[in-house]
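The values are calculated or read from the model by the stated rules, or taken from the named source; none is laboratory data. Not measured: the values here are computed from a predicted model. Backbone-built Cβ (ideal geometry, glycine too); neighbour counts: all protein chains shown.
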Amino acid sequence: MKIRIKGNALRYRLTKSDVSAIIQHGRLEEHTDFGHQRLTYALQTTTDYDLSAELHNNHITLFVPHRMMERLANTDEIGFENEQGKLFLLVEKDFTCLDTVDEDQSDNYPNPLAEKAK
């Protein structure tokens, strides 16, 4: 699971394993250590209708309706977005890059633009 934050936009990118884990367990959490502090970011399923998020004590949690996660896993749907006040939220599949990168992308979704790039 990756997060990107830019201004008032919060974006979560999920691999195939991430989506499976969230559907199975209802929550996926990761940490980044900053010396004496830790940032925790999580995705948690909910029965709510829209995406929402909260920040509390260095914990960012993005709540995603379970039905959205099911659609992400079982359809060609790319992602979901919502605005929570001034905060823009996006949850999307993590596609393989079209250019060369050093990171392992074996668990990423196939990029729909890969055929066009050939």
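When you scan the range 72-99, how many residues do you find that are polar (S, T, N, Q) and modelled with pLDDT under 90?
1
Looking at residue 3, is it touching a residue at least 12 places away in the same chain (Cβ under 8 Å) and outside any strand (DSSP E or B)?
no
Being in a strand (DSSP E or B) and either touching a residue at least 12 places away in the same chain (Cβ under 8 Å) or within 16 Å of residue 93 (Cα to Cα) (or both) is the requirement here; does residue 53 meet it?
Yes: the conditions hold for residue 53.
Condition (residue is surrounded by 13 or more Cβ atoms within 10 Å (Cβ to Cβ), at pLDDT below 95 and aromatic (Phe, Trp, Tyr)) applied to the range 62-71: is it met by at least one residue?
no
If you scan the range 14-28, which residues turn out to be exposed (fewer than 15 other Cβ atoms within 10 Å of the Cβ) and not in a helix (DSSP H, G or I)?
Across the range 14-28, the qualifying residues are 26, 27.
Of all residues in the range 19-50, count the ones that are within 17 Å of residue 92 (Cα to Cα), out of contact with any strand residue (DSSP E or B) (no Cβ under 7 Å at 6 or more places or on another chain) and acidic (Asp, Glu).
Matching residues across the range 19-50 total 0.
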